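Input: a single structure, listed below in structure tokens.
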Amino acid sequence: MRIAGATLLILGFVLCFAIDDWEFIGLFPMVIGLILLAIAERKASALALAQAASRAQMEKQAPRPSQKQLPTADTIEVSSEVLQLLEKLNRSSKPR
């Protein structure tokens, strides 16, 4: 619809200035082109609003993890191999 509106707008503009006796006839395609552009813009803004509303609704419905479900430093168990590696790393990094 935007392409048709822009085409009619340009066609009407050309008719207004190219042929001396066709100024009045050139106004009709210009008016129709402007109307089509306004309709296309209104549809685009309505579509953007609908998409934003659906995104907001989806975010409301999405389950959020509670603080109890999230792992913390206290709840994470470290294996003995990892502890041994950390001890070796600490010993090797100490200045002698």
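The values are calculated or read from the model by the stated rules, or taken from the named source; none is laboratory data. Model, not experiment: these values are computed from the prediction. So basically every Cβ, Gly included, is an ideal-geometry build from the backbone, and we count neighbours across all protein chains shown. These accessible areas exclude ligands, DNA and RNA; they are computed on the full protein's heavy atoms, side chains included. Shrake-Rupley method; radii C 1.70, N 1.55, O 1.52, S 1.80 Å.
Have a look at 43, 60 and point out the one that is open to solvent by 100 Å² or more (accessible area, probe 1.4 Å) and modelled with pLDDT under 90.
60
Do any residues in the range 1-26 that are closer than 19 Å to residue 37 by Cα and part of a loop (DSSP other than H, G, I, E, B) have Cβ atoms under 7 Å from those of residues that are open to solvent by 50 Å² or more (accessible area, probe 1.4 Å) and not basic (Lys, Arg), where the two are at least six apart or on different chains, and which pairs are they?
Qualifying pairs under 7 Å: 1/39.
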